[in-house]
Structures are given as structure tokens and as C-alpha cells.
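To start, the structure under review is shown below, and the notes come after it.
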Amino acid sequence: MYDRGMVIPALLIAILIPALVLYWMRTLDLYRTGEFRLLLACFGGGLLGFGLAYWVIRNLILNGVVSSLNVVRFSAPIAEEILKALILFLVVRSRRFTYFVDGALYGFAAGVGFAIVENIEYILGSPGAALGIAVTRVLSTNLMHASATAVIGVSFGLARFERGGRRALLVLGGFALAMVLHMLFNNLVTRLSSPLILLLCAVAIGMGGAGFVVATIRRGLREEKGWIEEK
């Protein structure tokens, strides 16, 4: 039996805080170029991405392709970043996907959807430590997931107006950066032995990723403001 006194508040934190962060990110899009319907679609794509990633990673371990530790450190970041971002391949075709600010928001939404399901899995798997897991994850892992997919979204936004090899290079570069960020995070949390240092470093990576997304959105808004003033 789960300790409901710990699990229910933990689930509320694990679900509501990431959702509120996503809402706050959307408020930064002053010109509302990002469409709410597409934002929800990306959030749902992140939920689906978790299910696909869980299946892939589970089979890699069960079939002895790689060890559990190497899955966490290397295979999971690759598989998860690809599967989290699948929805972006569809959304980028929309006429409402107009700029890299949209890509940052849509990618962030997909990452948040993925992270929320992963939060629930971790909390229900360790009910005795549910509250601590929820708090630490919303400050670190959740922001890492969301920021990594936002990087991919930005690359889609930048590539939208390019052609040929440059377009492919931008998208591949976005995926590569997201995977490197994810691998750095996972290797860090599996190698550090000091709980305090581990927590500080994990939070620093999560917050740093979120800060990058905010800075990217603000840069895009400055450029959009310049275009509006010219017109």
C-alpha cells in the first residue's frame, strides 16, 4: 500500500509545477505566435514519447543489448530525445509554426509532457521517498528534459527557412546538442557519490537549460519587435 500522505502531495507537485512552468514559458511569447492547440499536441506527443521510450529501453535491457547502467548513461538519452521530439516533425509543417520562438515553446511542451509521466513512474516506484523525489525532479530532471527538447524545437524553427544540406545540418545539430545535454546530466547523476553535490549539479544543469530557453525566447521577441517596427 502507498503512503497516501506522501504520494498524493508528491504527485501534485510533480504534475502541477512542470505544467505551471510551461504556462509561464508561454506567457513570454508576447506576440502569441505559438498556437495553444499545437502546444497541447506537443505536450501529448511528449506523453506518448515516454511510452515509446519505455518500451525501447526495456527491450534493450531485457535482450542484453546493453547493460542497465549504460542504458541510463548513453542509450536512454539518444532514444528519449528522438522519441520526445517526434511530434515536432508533424508540428513544424503547420503554417502556425513561424519562428524559432515557436520551436522553443513546442519543444519545451513535449519535454514537460515526457517528464510528468516519468515523475509519476518514479514516485509510485518509491512511495516512501515520494516527496523528495518530486521536489528534486521538478528542479532538475524536468527542466533538463524540457530544455533539451526545446533545443531541438529551436533547431526546427531555424531550419524552417533554410534549404537542402543546411536545413538537415541545423536539425541534426539540435538533436546532437539535446543528446549531449541529456548524457551529461545522466552521467553526472550516476557518477557523483555526494548527495548534496549531486543535487546542486543536477539543479544547476536543469536551471541552466531553462535559462537558455528563456534567453532564446527573449532574443526571438527582440527580433520580432524589430520586424514589426519596420513594417
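A few notes on this one:
- Model label sites at Asn187 and Lys225, defined 7 Å from Cα along the beta-carbon direction, differ in position by 3.9 nm.
- Note on surface exposure: Met6, Met25, Met179, Met207 rank Met207, Met6, Met179, Met25 by accessible area, highest first, 1.4 Å probe.
- Separation of alpha-carbon centers, the range 67-130 and the range 133-183, rounded to whole Å: 10 Å
- Built amide H within the under 5 Å cut-off of Ala85, gap 5+: none
- Relative protection proxy for 66-78, 94-106, 187-199, from highest mean packing down: 94-106, 66-78, 187-199 (other beta-carbon atoms within 10 angstrom).
- Screening the chain for whole DSSP H helices of 18 Å or more along their axis (Cα) with average Kyte-Doolittle hydropathy at least 1.6 returns 4-27.
- Charged side chains reduced to their Cβ positions (Lys and Arg at +1, Asp and Glu at -1) give the chain a dipole of some 460 debye around its Cα centre.
The values are calculated or read from the model by the stated rules, or taken from the named source; none is laboratory data. For clarity, every value in this text was computed on a predicted model and none was experimentally measured. Note: ideal-geometry Cβ built from the backbone for every residue, glycine included; neighbour counts use all protein chains shown. Only protein heavy atoms, including side chains, enter the accessible area calculation; ligands, DNA and RNA are left aside. Shrake-Rupley method; radii C 1.70, N 1.55, O 1.52, S 1.80 Å.
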